[in-house]
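Beneath this line is the structure, given in structure tokens, with notes to follow.
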Amino acid sequence: MDTVRYSAYFNAKGSLCILSVNGLDYLSTLDGSRTISTGSDITDALENNKENTIGLIFYPSKSKKTE
């Protein structure tokens with residue numbers, strides 16, 4: 001039994017974030033609140049003995065203009 005675990009955490013305030021694992025959205029702030037603090041064990045989403053792809057999209061939901 002493999003004892004290695006992989007975790008992903010978000011702590012976003014007013015931002016849009018998407019974490020994808022092997023092309024599937026795993027954690028997202030697109031629906032609901034733009035401010036979250038969450039974590040997840042992504043070990044089960046990873047494929048053993050294969051190359052896995054993890055993507056992160058992150059940008060502010062509102063832009064601020066500074067002068």
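Just so it is clear, none of the values below were taken in a lab; they were calculated from the coordinates. The structure displayed is predicted, hence computed values, not measured ones.
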Using modelled amide H (1.01 Å from N, peptide plane; none on Pro or chain starts), what sits under 5 Å from the amide H of residue 6, excluding residues fewer than 5 places away?
42, 43
What residues have an amide H closer than 5 Å to that of residue 22, excluding those fewer than 5 places away on the same chain, when H is modeled at 1.01 Å from N in the peptide plane?
53, 54, 55
Under the rule of at least 5 residues apart or a separate chain, name every residue whose amide H is placed under 5 Å from the amide H of residue 16.
59, 61
